[in-house]
Amino acid sequence: MRTAQPPKPRPLYDIIILGASGFTGKYVVKEALKFLNTPSSPLKTLALAGRSREKLVKTLQWAAHPSSPPNDVSVIIADTTDLPSLSSLCNQTKLLLNCVGPYRIHGEPVVAACASSGCDYLDITGEPEFMEEMEAKYHEKAMETGSLIVSACGFDSIPAEMGVMFNTRQWVAPAVPNHVTAYVSLESDKRIVGNFATYESAVLGVANMDKLQQLRHSRPKKPRPVIPGPRLPKGPTIEYQEKIGLRALKLPSADAVVVRRTLVILMENPHGLPGINESPEHIGKREAYWSSVKPAHFGVKIASKSLLGIYRILGVGVFIGLLCRFSFGRWLLLKFPSFFSFGWFRKTGPSEDEVRSASFKMWFVGYGFSDSNLASERNSKPDMEIITRVMGPEIGYVTTPISLVQCALIVLSQRENLPKGGVYTPGIVFGPDLQERLQENGISFDVVSKTALPGHAPA
């Protein structure tokens, strides 16, 4: 006869931020403090975790400035190479926010600890191989223990996921979308400077593309959603998108991968994923939301107003593509990031002035059919275009913390309305609730235009 397991003790903390003293982690702390013990916020207890107590204390002081640091925020020593310390973190918190990258190097022990313990987990990775490998390895275990594991809760890939769903929801029956392309434009009054960890992840991701393909080939193929009409042909390498006044280049990013995974899950669950003990109101909201989201082919392009900007982006891609094939080439790329990225990435990261001055616009140009019956006609071409836009502050240190913290607040406030556990994309978990929260915190969603087309639209 099996002995009944004692009930799990109540966690000490609502959230623990792991890697809180890192470049992005300190901005996540700053954003989280805005909601700590404020009226109507579910965030009542918070702890910071990392390898150095001194750095964590300094992070808390920096994040709280000009106010004094809160006395009730704890500091915990933990390391991704110290498995007992990770298990201890998971036993002390409802939700772990993991800001330690690159995730292909440091992420799996944290996911494994959460999946084993039943602790919920969010991160800000943009690494497809890591995300897909974690799903393959830990989805079943997480479903069993009730651990909700959601990656890509930062700029990768919240604006893309919420943005493409916002666009497809504008296609009111009988209209249907066929293809949506996101054009990402980064803007600043000063220089645009990225985090070295983001650059490092990109270099390692390109270097390990063969491993990602092997992983995909080793897994059972899931059926793809049925999208009305033929797939549009590939366009030129450098495109000029006249409607938004930008030149653009295809961007190999996590966004398209994450959106595709969400659409696959949605095809298997047309009304979204039911919650553990979902309220009737949330069931209605979830079903109404997902019934209005429509499948479409999706791609991402990096955009610039100038042709010189496009050639600069192309140059960085060529450097990474050529040099990351060899160990010495990877060493060069990682040793001299500023040189090989033409100043876009540096090990010290951006200054606070550079962060404050930066912003992004993400244009979603959707092509489709005014009537779904037109899509099935021979040689059919899109006859309708809908352009939407998502705008927000600097991507790595402002939009990413906003997105992550809003996802975390949904987990804390609506856990009964969310799936019991499993490894999922942010869109399928947070879709019905997240857009409104983002809009309340400085990230806007707009319909730019709805236009009838004479026939063919560029890819």
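The values are calculated or read from the model by the stated rules, or taken from the named source; none is laboratory data. The structure presented is a predicted model; accordingly, all values stated were derived computationally and were not measured. Virtual Cβ from ideal backbone geometry, glycine too; neighbours counted across all protein chains shown. Just the protein is used for accessible areas: all its heavy atoms, side chains included, with ligands, DNA and RNA removed. Shrake-Rupley method; radii C 1.70, N 1.55, O 1.52, S 1.80 Å.
Of the residues that sit in the range 346-358 and are open to solvent by 30 Å² or more (accessible area, probe 1.4 Å) and not in a strand (DSSP E or B), which one is nearest to D446 (Cα to Cα)?
Filtering the range 346-358 down to residues open to solvent by 30 Å² or more (accessible area, probe 1.4 Å) leaves 346-348, 351-353, 356.
Imposing the further condition that a residue be not in a strand (DSSP E or B) reduces the set to 347-348, 351-353, 356.
On the way: K347: 35, T348: 35, S351: 30, E352: 28, D353: 27, R356: 23 Å.
This residue is R356.
Within the range 245-289, how many residues are of a type in the set (G, A, S), more than 27 Å from L204 (Cβ to Cβ) and modelled with pLDDT under 95? Spell out how you get there, then give the answer.
Restricting attention to the range 245-289, the residues satisfying the condition of being of a type in the set (G, A, S) are 245, 248, 253-254, 256, 272, 275, 279, 284, 288.
Subset that is more than 27 Å from L204 (Cβ to Cβ): 245, 272, 275, 279, 284, 288.
Now narrow it down to the ones that are modelled with pLDDT under 95: 245.
Of the residues in the range 245-289, 1 are of a type in the set (G, A, S), more than 27 Å from L204 (Cβ to Cβ) and modelled with pLDDT under 95.
Among the numbered conditions (1) open to solvent by 40 Å² or more (accessible area, probe 1.4 Å); (2) of a type outside the set (D, E); (3) at pLDDT 95 or above, tell me where G107 comes up short.
With (1) open to solvent by 40 Å² or more (accessible area, probe 1.4 Å); (2) of a type outside the set (D, E); (3) at pLDDT 95 or above applied to G107, the lone miss is (1).
Looking only at the range 370-407, how many residues end up being open to solvent by less than 20 Å² (accessible area, probe 1.4 Å), touching a Ser or Thr at 6+ places or on another chain (Cβ under 7 Å) and either more than 26 Å from I302 (Cα to Cα) or among the acidic types (D, E) (or both)?
Final tally of qualifying residues: 2.
Scan the range 359-387 for residues that are under 23 Å from V226 (Cα atoms) and in a strand (DSSP E or B) and jot them down. If you could, list the steps in order and put the result at the bottom.
Taking the range 359-387 first, the residues under 23 Å from V226 (Cα atoms) are 364-387.
Matches in the range 359-387: F364, V365, G366, Y367, G368, F369, M384, E385, I386, I387.
Taking only the range 151-175 into account, find how many residues are of a type in the set (V, I, T), surrounded by fewer than 24 Cβ atoms within 10 Å (Cβ to Cβ) and in contact (Cβ under 8 Å) with a residue 24 or more places away in the chain. Give the steps one after another, and end with the answer.
Looking only at the range 151-175, we keep the residues that are of a type in the set (V, I, T), and these are 158, 164, 168, 172.
Checking which are surrounded by fewer than 24 Cβ atoms within 10 Å (Cβ to Cβ) leaves us with 168, 172.
Restricting the remaining residues to those that are in contact (Cβ under 8 Å) with a residue 24 or more places away in the chain gives 168.
Count: 1.
Determine whether I244 is within 22 Å of G309 (Cα to Cα) and surrounded by fewer than 22 Cβ atoms within 10 Å (Cβ to Cβ).
Working: within 22 Å of G309 (Cα to Cα): yes; surrounded by fewer than 22 Cβ atoms within 10 Å (Cβ to Cβ): yes.
When the stated conditions are applied, I244 passes them.
Okay, residues lined up against (1) polar (S, T, N, Q); (2) more than 20 Å from P11 (Cα to Cα):
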{"position": "V111", "(1), (2)": "no, no"}
{"position": "S116", "(1), (2)": "yes, no"}
{"position": "M134", "(1), (2)": "no, yes"}
{"position": "L148", "(1), (2)": "no, no"}
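Does the range 178-191 hold any residues that are surrounded by fewer than 18 Cβ atoms within 10 Å (Cβ to Cβ) and either of a type in the set (S, T, N, Q) or farther than 22 Å from T388 by Cα (or both), and which are they?
Our first condition is that a residue be surrounded by fewer than 18 Cβ atoms within 10 Å (Cβ to Cβ); within the range 178-191, this holds for 187-191.
Passing the criteria: S188, D189, K190, R191.
Evaluate the range 41-48: report whether one residue or more is small (G, A, S) and either assigned to a helix (DSSP H, G or I) or touching a Gly at 6+ places or on another chain (Cβ under 6 Å) (or both).
From the range 41-48, those small (G, A, S) are 41, 47; that's our starting set.
Retained after the next criterion (residues that are either assigned to a helix (DSSP H, G or I) or touching a Gly at 6+ places or on another chain (Cβ under 6 Å) (or both)): none.
The answer is no, given that none of the residues of the range 41-48 is small (G, A, S) and either assigned to a helix (DSSP H, G or I) or touching a Gly at 6+ places or on another chain (Cβ under 6 Å) (or both).
If only one of K26, K44, K30 is touching a residue at least 24 places away in the same chain (Cβ under 8 Å) and out of contact with any helix residue (DSSP H, G or I) (no Cβ under 7 Å at 6 or more places or on another chain), which one is it? First the steps, then the outcome.
Numbers: K26 fails: out of contact with any helix residue (DSSP H, G or I) (no Cβ under 7 Å at 6 or more places or on another chain); K30 fails: out of contact with any helix residue (DSSP H, G or I) (no Cβ under 7 Å at 6 or more places or on another chain).
One residue alone meets the criteria, K44.
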